[in-house]
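Structure record follows, encoded as structure tokens.
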Amino acid sequence: MDKKIAFIGLGNLGIPMAKNLIAAGYHLQVYNRTASKAGELEQASITTCSTPAQAAEGVDFVITILADDAVVTEIVTGTDGILKTMQKGALHISMSTISPQTSEQLLALHREAGTGYLAAPVFGRPEAAAAKKLWICVSGETDVKKSAEDMLNAMGQGIIDFGESTGGANVVKLTGNFMIMAALETMAEAYTIAEKNGLNRQQVADFFSSTLFACPIFQNYGKFIAAKNYDPVAFKAKLGYKDARLALALTQKSEVPAPLVSLVNTRLLTQVAKGKGDSSDWIAAFGEGVSEDAGV
């Protein structure tokens, strides 16, 4: 198997994912809008490209990890998009959080071009990506999923197959992110109630995260909310708001009344409206929001 692949998107998740691929022996043809980000990677193991099309040239696999539907679509179909140069039979592995509808549209475009498409969104913050602890959800044709296994295993701790319907993994990603948001709101409210009743919110958080709610979401996210410490910014509030909007749109398309989705969407919209979309983590949208509402 040729160990040269394209990698597009060197954000907070993309950088550690790319490093793990390099550690697994891959040579990356990388593209990022901010070209200087490539400086964080081992230079002998990368070729820095000036356009997505250049990155996709002459490789069998193109991995993208990007901000939103519009950026992914532009990277694929734009003037310098990957479809301009992807060779017949090459595979685009899309690891971004996007709508299932966008995934289905991209699949159709790739099929028309004689190339392949795999939805492979991930769960995990940058530190999980660095430790190769991402959970990777996939959906698409069986042979396509099989061909991507080695690369995906180099970046994560597990691959979970959600069938051949291309948008399936994207639905799972959006519902999973919604569940994280709902947990953030729950913790923020619970720990603030405790605080306003004279209890140490950190002690309360430690108790719950080690007993009734002994799981990574309550343990890892809960420590930030308990301490009212929302740094560093690992996942910007504006990206959380994008995911909440996509989840809300999915509930409407599916005709599923989902008041909690509306609540978390409003919480993140409020943070963005305050001008904190870029400067704060999505955790802060919930922790700060509830504290401000409660006057603490």
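Residue count for region 111-130, restricted to those that are part of a helix (DSSP H, G or I) and surrounded by 23 or more Cβ atoms within 10 Å (Cβ to Cβ): 1. For region 180-237, a tally of residues being over 16 Å from residue 264 (Cβ atoms) and acidic (Asp, Glu) returns 3.
For region 131-146, a tally of residues being assigned to a loop (DSSP other than H, G, I, E, B) and either within 23 Å of residue 89 (Cα to Cα) or not assigned by TED's automatic domain parsing to the domain that holds residue 77 (or both) returns 2. The set of residues from region 1-19 being buried (at least 19 other Cβ atoms within 10 Å of the Cβ), under 18 Å from residue 61 (Cβ atoms) and out of contact with any Pro (no Cβ under 7 Å at 6 or more places or on another chain) comprises 5, 6, 7, 9, 10, 14, 17, 18, 19. Taking every residue in region 64-85 that is assigned by TED's automatic domain parsing to the domain that holds residue 113 and crowded, with 20+ Cβ neighbours inside 10 Å and pairing it with any residue that is among the basic types (Lys, Arg) and outside any helix (DSSP H, G or I), at least 6 positions away or on another chain, yields no pair with a Cβ-Cβ distance below 6 Å. The set of residues in region 260-293 that are of a type in the set (Lys, Arg), free of Cβ contacts under 8 Å to residues at least 40 places away in the same chain and farther than 19 Å from residue 67 by Cα contains only 274.
Does residue 58 satisfy the criteria of being farther than 22 Å from residue 37 by Cα, crowded, with 22+ Cβ neighbours inside 10 Å and over 17 Å from the mean Cα position of the chain (by Cα)? Taking the combined requirement at face value, the residue does not satisfy it.
Within this structure, residue 201 fails the test of being surrounded by fewer than 20 Cβ atoms within 10 Å (Cβ to Cβ) and without any contact (Cβ under 8 Å) to a residue 40 or more places away in the chain. The C-beta contact set for region 128-145 (first residue at pLDDT 95 or above, second residue of a type in the set (Val, Ile, Thr) and crowded, with 18+ Cβ neighbours inside 10 Å, distance under 7 angstrom, 6+ apart or interchain) comprises 134/122; 135/122; 136/122; 137/172; 139/166; 140/166; 145/138. The number of residues in region 216-239 being in a helix (DSSP H, G or I) and without any contact (Cβ under 8 Å) to a residue 60 or more places away in the chain comes to 10.
The values are calculated or read from the model by the stated rules, or taken from the named source; none is laboratory data. Owing to the predicted nature of the structure, the values given are computational and were not obtained by experimental measurement. Positions of Cβ are generated from backbone atoms using ideal geometry, with glycine treated the same way; all protein chains shown enter the neighbour counts.
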